[in-house]
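The values are calculated or read from the model by the stated rules, or taken from the named source; none is laboratory data. Predicted, not measured: the structure shown is a model, and the values here were computed from it. Methodologically, a virtual Cβ is constructed for each residue, glycine included, from the backbone with ideal geometry; neighbour enumeration extends over all protein chains shown. Surface accessibility is based on the protein's heavy atoms, side chains included, excluding ligands, DNA and RNA. Shrake-Rupley method; radii C 1.70, N 1.55, O 1.52, S 1.80 Å.
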Amino acid sequence: MRITPCQAALAAAIALNLLLLLCSRLAPGAPPPCRVPGGVPRAVPGVTVILRDFDGPDHDVAATSRSFSSLPGVAVLVAAEVSPYPPVALPAGVTVLSLRPEPQRSPPRPELAVLTRHVALVPDGTRAVPGLLRRMRDALETAEDVTVKAVAAGVGQRRPRCLEVDVDVKAWTVRYGHADQRGDHGSDHGGDQRSLRCGALDGAPAVLLLRSRDLFSLPFPLSRPVLTSVSLQASLRGWRLLLLPDSFPQTPRPPPSSHSQWKSRNSLEGRHRALMEQFGVKLEVLPDGRQRWHGCTKDTPRCFGTILAQTPEYLLSGRWTPPCCLRALRTTARHVLTQLEAAGIRYWLEGGSLLGAVRLGDIIPWDYDVDVGLYREDAPKCRWLAAVLATGRPVEDPQGFLWEKAAEGEFFRVHFSRSNRLHVDLWPFYPREGGTMTKDTWLGHGQDVEFPERFLVPLGSVVFAGVVAKAPNDPRGFLEFKFGPGVVERPEYPNPGV
């Protein structure tokens, strides 16, 4: 019997309707879960509690999961790269979800293990409160502000601080600020307690409830610490979270030993650093203005590799120079300029560094080195340059900066350290007949042109990287001579074609 296309389409439609009818008849959470074509679970009412932030032998996973699994309509997942250690007996129905990729099995897909419409990220040691997860869910679903994608409730006696957060991906930076404490007065809570709209939370643990589809739309849904991880990813999407005045109790524990405190502190700091590295954050600016750095130092390599076609790899990913690198460049530049000044060397800012000084009073945000010109005959006046000229070998000064002759040609390079090769290039110029400044090495960069010595007689000055530096006496004229008219007002990358 030959089946026509219309008959085949009708049969497929009937089969799909039967499948959906079967799913609707099964009790929520009853195995096996109903799935729509494609293998994705259909969301059912209820909340899945995920225990993610736990660590060390003093964890409370068994009691925490037991507390929440006793609530009606609540499933509990323990999500970790490895099972809790030491091993514990988990309550019936609590699932351990392995997040570690292993070659012998399919990659972890935690979103397939969550069958409920809502998910709660619960810190270790939290105790359930009947009805509170439901109130959090209702607050989320009835929020008038459509940007509210998560609801939080504190854990323990202290209420978390409500913060604003701004993630500047291009600048590798996160900035925190104090949030406006005006909130929503909820009749459900009574008194003058308020629900606050926040960008992030700090100062105390909290339970975070989201729609499952929103959590698993994030690229790093279960990265630890989860509260920080979700807050940063939410900020980039314009999401807000609502902090309720309610709180969950926290299990009392005996005072930890000093060794346990040290281990716990190191573990928390390690997870935080790992998260910042995963997200590409090099600098956190805290609400009180303090700075927390996560980038390279004198003891580590710089944050980027070899530069090709004048285009660092970070530019291709839409980022500018990491702030830790800019900080190291400023430090190196100030040190080099101080040494040249003290030695009486005639020097001036060159190329993109002069352009940054005229335009911003600082290094251009996407620049990766500093360029300084000097009179070749003055170089031996600096003890470090004289030592390099005499021996041909690199010289480390007492502050840990490394002076050397560049491998690419007849010029010098001063590195932030032996390990961290962020550097200042020193270009020796000399006048040839006719009063034109020239040099012996040309790399084909835009500023690599001879120029009249009149720009240097006398030398002028500009503000650069926090100091007053020597510069050509007509900085704008000098830059336009090298780069063309309007260069100061026309920012562009060194090699726009790339």
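Write down the accessible area per residue of the chain in Å², having rolled a 1.4 Å probe over the full set of protein chains.
Roughly 50 Å² per residue, with all protein chains present.
Tell me, what is the percent relative contact order of the chain, built from C-alpha pairs under 8 Å that lie six or more residues apart?
Dividing the mean separation by the residue count of the chain yields 10 percent.
To the nearest µm²/s, what D does Stokes-Einstein give for region 42-150 at 37 °C and 0.692 mPa s, using the Kirkwood radius over alpha carbon pairs as Rh?
Details: Rh = 14.9 Å.
Here the translational diffusion coefficient equals 220 µm²/s.
May I ask for the angle, rounded to the nearest 10°, between helix 5-25 and the longest principal axis of the chain, with both axes built from Cα atoms and the value confined to 0 to 90°?
70 degrees
Quote the FRET efficiency, to the nearest 0.05, computed for ASN473 versus GLU377 with a Förster distance R0 of 25 Å and r equal to the Cβ-Cβ distance.
0.80
Got a number for carbon plus sulfur as a percent of region 316-483's accessible area, 1.4 Å probe?
51 percent
Helix 323-343 sits at what angle to the longest principal axis of the chain, using alpha carbons and giving 0 to 90 degrees rounded to 10?
Around 20 degrees separate the two axes.
Could you work out how far apart the two model spin labels at GLU489 and GLU81 are, taking each label as a point 7 Å from the Cα in the direction of the beta carbon, and quote it in nm?
The modelled label-to-label distance comes out at 5.4 nm.
Give the percent of DSSP beta bridges with both residues in the chain that are antiparallel, rounded to the nearest 5.
Antiparallel bridges make up about 65 percent of those DSSP assigns within the chain.
Cα centroid distance between region 120-143 and region 204-241, in Å?
Between the Cα centre of region 120-143 and that of region 204-241, the gap is 15 Å.
Nearest 0.05, what FRET efficiency do GLU450 and ALA390 give at R0 = 22 Å with Cβ-Cβ as r?
0.15
For the Cα atoms of the chain, what angle does the longest principal axis make with the long axis of helix 351-360, in degrees from 0 to 90, nearest 10?
Around 60 degrees separate the two axes.
Return, for the Cα atoms of region 436-495, the radius of gyration and Dmax in Å, separated by a comma.
For region 436-495, the Cα-based Rg and Dmax read 12.5, 32 Å.
Treat each spin label as a single point 7 Å out from the Cα along the C-beta direction, and report the ARG418 to LEU443 distance in nm.
2.4 nm
Mean separation of Cα pairs under 8 Å and 6+ residues apart, divided by the residue count of region 354-448: what relative contact order is that in percent?
Taking the mean separation of contacting Cα pairs over the length of region 354-448, I get 23 percent.
I need the Kirkwood Rh of the chain: take the reciprocal of the average 1/r across all distinct C-alpha pairs and report it in angstrom.
The answer is 27.3 Å.
Need one number for region 316-483: average projected area of the convex hull over its C-alpha atoms, nm². Numbers along the way, then the final one.
Details: hull surface 39.3 nm².
If you wrap the Cα atoms of region 316-483 in a convex hull and average its projections, you get 9.8 nm².
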